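Taking it in order: structure first as structure tokens, then the write-up.
Just so you know, all these numbers are worked out from the coordinates, no wet-lab data involved. Treat the numbers as computed from the prediction; the structure is a model and nothing was measured. Because the Cβ atoms are built from the backbone with ideal geometry, glycine has one as well, and the counts that use them run over all protein chains shown.
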Amino acid sequence: MKPKYTIAVTGLNNTDNPGPGVPVIRSLREAESFDVRIVGLAYENLEPGIYMENVCDKVYQIPYPSTGSDELMKRIEYIGKREKPDVLIPNFDAELFTFMKSEKYLKETGIKTFLPTIEQFEERHKSELPKFGKKYNFDIPFSKPVTKISDISELRYEFEYPLLVKGKFYDAYLAYTPAQVTEYFNKISAKWGVPIIIQEFIRGTEVNVAALGDGKGNTIAAVPMRKQYITDKGKAWGGITLGDEKLLEITRNLIQKTKWRGGMELEIIKTHSDKYYIIEINPRIPAWIYLAVGAGQNIPEALVKLALGETVEPFKTYDVGKMFIRYSYDLIGDISQFEKLSVTGEL
């Protein structure tokens with residue numbers, strides 16, 4: 001008989017800028033080695049994953065990390081006493097630091113995680129990526145952080161247009177003029193704060209890898225994908241798995257050198273001359289993770305087993321040519337559900 005675990009999962013905002021929570025939950029419900037009871041953790045009371053059937057068994061609203069780590073941990077402690085989750089899987093960049101910093105405390109309360117170390121998290125920040133490339137010998141586009149609008153006029157001495165304007169957590173825009181850089185600087189900084197990262201624009205094909213490291217230098221899973229359809233927010237709305245050995249080599253090399261612990265997503269530009277530039281390292285499971293499951297590597301399942309201290313054998317193969325397509329779907333609920341979550345913080 002398979003064991004049954006209670007798993008707490010964040011990132012239920014399955015919108016045009018989707019969080020990984022819903023596909024992570026779908027992956028866990030298809031796990032072969034255990035059954036699950038899912039406790040959804042929502043920041044907003046209109047996150048679609050709250051109301052979708054067969055996604056969450058119980059939902060709790062939690063405060064944003066920006067309100068302070070103490071407030072968030074008090075809420076997690078309350079949920080922990082009620083639900084006794086075995087494992088917690090955070091799925092947003094902006095919340096990871098709080099959960100990493102509290103990993104020991106969570107473990108003492110019986111909640112296990114499997115996250116990158118704070119050092120791993122910090123050194124792969126967009127603003128630190130050029131240093132990361134030099135340290136570990138990876139090709140990285142030239143970039144620099146900008147904290148003031150007055151710095152924008154100086155960019156012409158270091159960059160050619162167009163260039164990329166990126167937020168420290170999310171959002172990226174291609175700018176062709178200083179005026180556009182200023183517009184995007186104001187837009188992103190109002191949402192995510194500074195610094196804003198200015199990055200050299202590399203022409204080529206964007207490819208991505210979803211991967212899992214065991215914290216000892218071993219790659220447990222890695223599935224490369226090319227985006228087939230991209231939204232205006234730059235999010236993959238369709239993709240296909242690739243049989244690119246160079247992408248797998250880069251991923252294994254990075255995990256071995258950094259001893260990466262936990263899930264990750266590599267965003268890479270492959271140029272027409274077959275050069276590979278790492279443009280981002282996202283320190284968590286990506287929103288397209290269900291494609292990896294469809295291709296034969298259930299990364300969320302393996303992550304849970306690692307969090308529980310089990311030995312996990314690396315995946316050897318995956319199916320090339322597996323494709324995913326996202327779609328919109330109208331959910332019908334009742335105002336009483338919304339009211340209950342808004343008033344009690346639980347559903």
Check your understanding: Can you give the charge dipole size of the chain about its Cα centre, rounded to the nearest 20 debye, using +1 on the beta carbon of Lys and Arg and -1 on the beta carbon of Asp and Glu?
Key -> 620 debye
Study note, to complete from the structure: From DSSP H assignment alone, runs of 4+ in the chain each adding -39500 (n - 2.57), the sum over residues rounded to the nearest 500 puts [θ] at 222 nm at -9000 deg cm²/dmol
Practice item. Using only alpha carbon pairs under 8 Å that are at least six residues apart, calculate the relative contact order of the chain and give it in whole percent. Key: 18 percent
**Study point:** For V55, net neighbour charge (Lys/Arg +1, Asp/Glu -1) across residues whose Cβ lies under 10 Å away
**Key:** 0
Review point. Just I281, I240, I335 to compare: in a GNM of the chain, with alpha carbon springs under 10 Å, which one fluctuates most?
Key: I335
Exercise for review: Could you please report the charge total around I220, scoring K, R as +1 and D, E as -1 over all other residues with beta-carbon less than 12 angstrom from its beta-carbon?
Suggested key: +1
Study note, to complete from the structure: For the stretch 1-106, averaging the sequence separation of alpha carbon pairs under 8 Å that lie six or more residues apart and dividing by its residue count, the contact order in percent is 32 percent
Practice item. Whole Å is fine, so just give me how far the alpha carbon centre of the stretch 273-342 lies from that of the stretch 180-240. Key: 15 Å
Check your understanding: What size of dipole, in debye to the nearest 20, comes out for the stretch 265-347 about its Cα centre when the only charges are +1 on Lys and Arg C-beta atoms and -1 on Asp and Glu C-beta atoms?
Key -> 320 debye
**Study point:** Sites excluded, trypsin sites (Lys or Arg not before Pro) in DSSP loops with at most 12 other C-beta within 10 Å, longest stretch of the chain
**Key:** 1-147
Check your understanding: Around F338, what is the net charge, scoring Lys/Arg as +1 and Asp/Glu as -1 over all other residues with Cβ under 15 Å from its Cβ?
Key -> -4
Exercise for review: Past 19 Å, Cα to Cα, is the threshold; run K112/K316; K135/K191; K134/K275; K148/K191; K166/K233 against it and keep the listed order.
Suggested key: K112/K316; K135/K191
Check your understanding: Among G213, G321, G262, which one shows the biggest mean-square fluctuation in a GNM of the chain, springs joining Cα atoms closer than 10 Å?
Key -> G321
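Convex hull volume of the Cα atoms in the stretch 133-241, per residue, in Å³?
Per residue, the Cα convex hull of the stretch 133-241 comes to 140 Å³.
Placing +1 at every Lys and Arg Cβ and -1 at every Asp and Glu Cβ, with all other atoms neutral, what dipole size does the stretch 66-155 have around its Cα centre, in debye to the nearest 20? Please report the intermediate quantities before stating the final value.
Values: 16 positive and 16 negative charges, 36 e Å.
That gives the stretch 66-155 a dipole magnitude of about 180 debye.
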Review point. Which residues make up the longest stretch of the chain clear of GluC sites (Glu not before Pro) that lie in a DSSP loop with no more than 15 other Cβ atoms within 10 Å, not counting the sites?
Key: 161-309
